[in-house]
Amino acid sequence: MDGIRNYLFVFAGNFLAAYMIFPERTIGKSAMFAALMLLLSMGMDFMKSKRKANPVQ
């Protein structure tokens with residue numbers, strides 16, 4: 001459950017940051033940016049957990 005809460009905070013933070021950064025202030029572009037950043041962070045966490053489970057000898 002902690003992971004889901006952290007991912008929601010990451011999504012919300014990225015959405016707000018993108019909404020402030022992009023000059024058009026469109027919700028669609030901000031949501032797309034936040035979703036891509038969420039996928040990136042989830043992928044990095046997945047690879048990190050996979051590496052911990054199978055340490056290289």
Exercise. On the given criteria, is A35 among the small types (G, A, S) and touching a Ser or Thr at 6+ places or on another chain (Cβ under 9 Å)?
Worked result: no
Exercise. Is one or more of the residues making up region 1-11 charged (D, E, K, R) and touching a residue at least 12 places away in the same chain (Cβ under 8 Å)?
Worked result: no
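Only the coordinates and a few stated rules stand behind these numbers; no lab work does. On a predicted model such as this, the values are computed, not experimentally measured, just so you know. Cβ: placed from backbone, ideal geometry, glycine included. Neighbour counts: every protein chain shown.
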